[in-house]
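One structure below.
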Amino acid sequence: MTNPQSQLNELIAHLTALTDILALDADSHWGAHFRNCLATARALASSRYDGDELTSLACSVMSVYGGTGSFNDYAPWQNGRIIAGMETLDEASNRVYMAARAIRLRSATDAD
């Protein structure tokens, strides 16, 4: 089973990649959410955090996925074309979601 610190490190790596991609779209507000999550994750990684803090971070990351108007609906288009460099957005987004989900699932299992 993966330990919480390695799960957090994985989430940080994926959030870093996603925020780098989102930075290519200056008009998008989604970058701010994920930059905030990344800052929280980095702060947790350099402190003695507890499971509740880690779960809260995972919930915050996952909160923008799903539903109308969510991050899932984000389309990185400008002038009728995909913004250059955004081709890997879906993959990066999925990795962030899955890393956050793994943290949530672990915390749910640990609570049992």
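The table that follows gives values for the structure above.
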| read-out | value |
| --- | --- |
| Residues (in a loop (DSSP other than H, G, I, E, B), more than 11 Å from A100 (Cβ to Cβ) and within 14 Å of the chain's Cα centre (by Cα)) located in segment 30-66 | G66 |
| Residues satisfying the stated conditions in segment 57-112, i.e. of a type in the set (K, R) and more than 29 Å from T2 (Cβ to Cβ) | R81 |
| Filtered residue count, segment 78-102, keeping only those that are assigned to a helix (DSSP H, G or I) and in contact with a strand residue (DSSP E or B) (Cβ under 9 Å, 6 or more places away or on another chain) | 1 |
| Of the criteria (1) closer than 17 Å to M86 by Cα; (2) among the aliphatic types (A, V, I, L, M); (3) modelled with pLDDT of 95 or more; (4) assigned to a loop (DSSP other than H, G, I, E, B), which one A26 fails | (3) |
| Count - residues of segment 14-39 that are in contact with a Ser or Thr (Cβ under 7 Å, 6 or more places away or on another chain) and either hydrophobic (A, V, I, L, M, F, W, C) or within 15 Å of R104 (Cβ to Cβ) (or both) | 6 |
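The values are calculated or read from the model by the stated rules, or taken from the named source; none is laboratory data. These figures come from a predicted structure and were not determined experimentally. When we count neighbours, we look across all protein chains shown, and the Cβ atoms used for this are built from the backbone with ideal geometry, even at glycine.
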